[in-house]
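First up is the structure itself, then whatever we jot down about it.
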Amino acid sequence: MFQQNKPANISLFSICMALILLASCTVVKQYPQNKPFVFKNLINVVGSISKDEKKRLELELQNYWDDSLKVRMISQFGVRTVIRNPNLFDSTAINSSITFMRSFLNSQGYYNVVLNDSIHIDTVKTQFRTTVLMNVQLGKNLTIDSLAFDFKSPDLQKIVMGNEKEFQLKKGRQYSKQTIATELDKLVTLFRRNGYYKLNREDLLAVVDTTDISLLEITLDPFEQARQIAEATERRRLNPTVDVVIRERDTTETFLKYYVGNVFYYPEARINDIPDSLMQMDFNIVYSKSNKTSKQNTSFIHFRPLDEHTYLQKGSLYNEERYFKTVNALSQLGTWNQVDIRTREMTDTMQTIIPGDSLNAPQVKVDSVNMLNFHLFLTPAQKYSISTDLEVSRNSGTILNGNLLGIANNITLRNRNVWKEAIQSSSIIRNGIELSLANNAPLQTFQSSISHTLSIPRLLAPWQFKRMNRLDAYKTVVNFSAAYTERRNFFRLRSLVGSYGYEWKKKNNIWLYKPLNVELNSLDVLPGLDSAFIKNPFLRTAFNTGYVVSQTLTFNTTFAGKKPNVSNYVRISVEEAGGLLGFLKGLNDKIYRYIKTEGEFRQLRSFKKTALAYRFFGGIGYNYSDDPKIGQSLPFFKQFVAGGPNSMRAWPLRQLGLGSSLLSDTSTSFKDRYGDIQLETNIEFRFPIATISSVKIGSAIFADIGNIWNLKNNFTNANSTLTWNRFARDIAIGVGSGLRLDFNYFLIRFDFAFKVKDPARIKNYGWINIRDFEWRNKEFEIEGADGKLLKRNNYAFQLGIGLPF
């Protein structure tokens with residue numbers, strides 16, 4: 001046995017070594033012969049700083065080499081590096097590089113910097129490869145000894161003192177020009193939220209002083225003066241500090257407060273209209289309410305959606321945050337392609353009531369104030385549109401039904417202004433098929449559905465919602481759909497679904513609550529599934545005709561990490577079904593009763609050319625009904641599945657699990673698996689290969705870890721239930737690589753994955769044995785119903801559209 005597999009192992013080892021050697025290879029083309037040229041430049045930063053700061057500085061300093069010392073390097077096919085037309089080495093460019101780097105380090109707060117260069121030349125035939133190393137000794141960084149805000153305007157000073165917690169500039173913090181610039185930007189934002197419409201960065205000034213106060217003391221003794229200077233120099237060397245004072249420049253016009261005046265809407269503005277002309281034009285339909293006025297010619301939109309999504313209230317202080325919130329809210333309605341705002345200044349009077357006391361009556365104070373009128377020019381989107389989308393996916397793994405090609409087509413009709421209320425309507429017709437590439441009957445699955453969704457830019461409810469102005473967006477979502485699915489020889493499923501819910505958004509947080517979700521299903525069991533019930537009776541508990549009356553709550557958010565190159569995504573969903581209706585007699589055997597929850601976390605770490613992405617997913621559903629027919633598990637259309645192009649890619653769709661059970665793997669008919677629990681982790685390193693025309697070709701190395709399980713014990717399907725003593729044995733692991741063709745508007749993905757650890761592999765606790773390496777799992781070579789030998793591959797090819805996560 002060992003001798004038989006040795007050639008395969010040597011071949012695999014040889015391929016790996018060849019790839020490693022190729023990846024470490026750097027090829028130089030069109031170089032100057034017998035002359036030194038720039039082959040490599042390196043940065044070495046030394047100082048008492050963290051590893052992350054050292055890495056950041058070394059990466060950023062690469063941008064400050066003189067142009068003649070930069071290496072013209074490109075990556076080919078992701079495995080080798082090519083340098084074309086390298087620059088001739090010029091030693092005079094080192095001094096300019098030192099100047100550039102010193103300036104950058106000074107801006108980062110490093111003023112006691114020592115830069116030393118080192119040059120090394122390697123000779124390879126006629127190539128004089130020159131490596132330039134820059135050693136950077138940072139020394140002590142400047143820290144802030146004191147921070148003060150010294151605004152002449154009492155109002156500005158009051159605003160700053162009331163929002164000190166928003167500023168990160170504190171005593172003892174590392175000083176850098178970037179830190180000061182960031183704090184000045186925060187001050188501008190703060191002031192513009194409090195009425196200072198014209199204020200900008202140029203109106204603020206940060207005075208940085210490194211003078212030692214002890215040197216300002218007057219002394220006539222020259223020896224004492226020399227001693228003080230020496231001590232101050234030593235203190236600056238050991239602990240260099242700065243004093244920072246932020247104040248306004250001597251300008252008056254920009255430090256005026258503005259209040260909100262009137263708001264004018266032009267909801268039929270065209271992209272080439274001149275705003276000044278529209279403001280002077282007469283319109284057929286003019287409607288005013290409070291400080292808001294709509295001007296139209298053809299009654300394009302009712303006033304309500306404009307009014308409800310405008311956050312500029314007359315008489316309030318100008319607030320830049322509400323200004324942009326209004327623009328974003330109107331843009332997100334979908335009725336308009338573009339929203340522009342023009343402001344016009346005016347002077348008006350404002351009355352202020354001064355409260356009285358026991359001796360004096362209340363007084364009315366009239367002041368002249370600066371006002372801003374806002375003119376909103378809204379360019380309508382095309383009201384009706386129709387689009388079509390083609391979805392293709394392929395996965396291969398088993399000879400029986402794993403070589404599946406999925407094709408689906410969606411036709412979508414949109415109406416962006418239903419009933420002139422900015423209501424978004426979408427009707428979708430979807431048809432899809434699954435084809436088996438290794439079966440006498442190619443058509444395995446047929447699915448057809450139609451759905452209609454209304455997105456209403458209001459929260460429609462019998463009660464009134466409070467504090468709506470704190471939300472960035474909100475809407476009521478109504479959905480109806482009907483679907484028909486047929487799995488050849490297994491089942492036919494007809495479903496009718498209706499839901500009513502609310503969606504709202506605040507910053508990056510999105511909530512979706514559906515208080516009512518009704519799903520009516522009718523299932524026909526065909527002979528293939530009937531025979532599967534005989535071997536696995538527990539399947540019958542999931543494949544039943546039942547109804548779902550549920551409510552769902554979903555929360556998702558995106559947020560940046562501590563580093564700017566890190567982005568995160570979190571999604572949490574909870575569904576409860578049959579809580580009340582399940583108690584009614586006559587419905588307890590027809591209404592599913594369960595609680596289902598799932599959570600997902602995704603993170604993307606983007607680097608200069610590459611990216612590292614990973615995902616964690618977990619879900620569980622518990623059927624708490626005591627009905628013997630529908631109370632054992634979730635209905636199969638609510639259960640979790642694994643495998644396919646977007647999940648465990650070494651397994652075909654629905655072909656992993658349950659746990660380490662062998663029941664489905666040894667079945668000659670129905671091999672699909674559905675579980676009440678799923679745990680999965682995916683990690684992927686993405687990198688570019690080449691760009692051909694406008695198509696970006698990339699690749700990825702990935703690993704998928706996870707499985708699905710039953711929640712309740714099933715004596716007819718051993719090892720399918722999640723238990724801690726078998727958890728390590730049940731976990732599946734697949735690794736692989738693939739190609740990604742990015743056409744900008746869509747991405748095609750080809751992935752190949754191998755089962756490193758298969759829970760259904762009996763030998764070696766599921767792990768692949770390198771010495772007994774095989775592409776197919778021969779433990780499951782059994783004869784099918786048609787007499788053909790059924791085999792199970794240790795690998796899978798996947799075709800998908802878009803990234804997996």
Only Cα pairs under 8 Å and at least 6 apart count here; give the relative contact order of the chain as a rounded whole percent.
7
What translational diffusion coefficient, in µm²/s and rounded to a whole number, does the Stokes-Einstein relation yield for region 711-774 at 10 °C and a viscosity of 1.306 mPa s, taking the hydrodynamic radius as the Kirkwood radius over Cα pairs?
108
Unit-weight point scatterers at every alpha-carbon of the chain, Debye formula, q = 0.05, 0.10, 0.11 1/Å: log10 I(q)/I(0) is -0.43, -1.28, -1.34
Quantify, in whole percent, the carbon and sulfur part of the accessible surface of the chain (1.4 Å probe; protein heavy atoms only).
57
Taking K and R as +1 and D and E as -1, what net charge do the other residues with C-beta under 12 Å from the C-beta of Val695 add up to?
+1
So the compactness index of region 621-687, its C-alpha Rg divided by 2.2 N^0.38 Å, takes the value 1.32
Given R₀ = 35 Å, FRET efficiency for Asn509-Gln174 by Cβ-Cβ distance, to 0.05?
0.65
Can you find, among Asn536, Gln30, Ser393, the residue sitting farthest towards the positive end of the charge dipole of the chain, where Lys and Arg contribute +1 and Asp and Glu -1 at Cβ?
Asn536
Helix-only estimate, please: 222 nm mean residue ellipticity of the chain, summing -39500 (n - 2.57) across DSSP H runs of length 4 or more and dividing by its residues, to the nearest 500.
-5000 deg cm²/dmol
Within the chain: Cβ-based charge dipole about Cα centre, in debye rounded to nearest 20 (Lys, Arg +1; Asp, Glu -1)
1940
Of the options Leu317, Thr723, Ser97, report the single residue whose Cα projects farthest towards the positive end of the charge dipole of the chain (beta-carbon charges: Lys, Arg +1; Asp, Glu -1).
Thr723
Separation of alpha-carbon centers, region 529-601 and region 54-76, rounded to whole Å
51
May I have the convex hull volume per residue, in Å³, for the Cα set of region 240-313?
212
How big is the gap, in Å, between the Cα center of region 450-522 and the Cα center of region 726-743?
33
For Thr143 paired with Lys629, estimate the spin-label separation in nm (one decimal), with each label point 7 Å from Cα along the Cα-to-Cβ line.
7.5
What is the gain in length, in nm to one decimal, between Phe687 and Leu496 on full extension, counting 0.36 nm per residue of separation less the C-alpha to C-alpha distance?
64.4 nm
Do the alpha carbons of any pairs in Lys466/Lys507; Lys170/Lys325; Lys54/Lys171; Lys165/Lys505 sit beyond 21 Å of each other, and which pairs?
Lys170/Lys325; Lys54/Lys171; Lys165/Lys505
Given 37 °C and 0.692 mPa s, how large is the Stokes-Einstein diffusion coefficient of region 464-602 in µm²/s, with Rh as the Kirkwood radius over Cα pairs?
182
Treating the beta-carbon of each Lys and Arg as +1 and of each Asp and Glu as -1, no other charges, what is the dipole magnitude of region 39-165 about its Cα centre, to the nearest 20 debye?
520
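The values are calculated or read from the model by the stated rules, or taken from the named source; none is laboratory data. Just so we're clear, the structure is a prediction, and the values are computed from it rather than from any experiment. So basically every Cβ, Gly included, is an ideal-geometry build from the backbone, and we count neighbours across all protein chains shown. Surface accessibility is based on the protein's heavy atoms, side chains included, excluding ligands, DNA and RNA. Shrake-Rupley method; radii C 1.70, N 1.55, O 1.52, S 1.80 Å.
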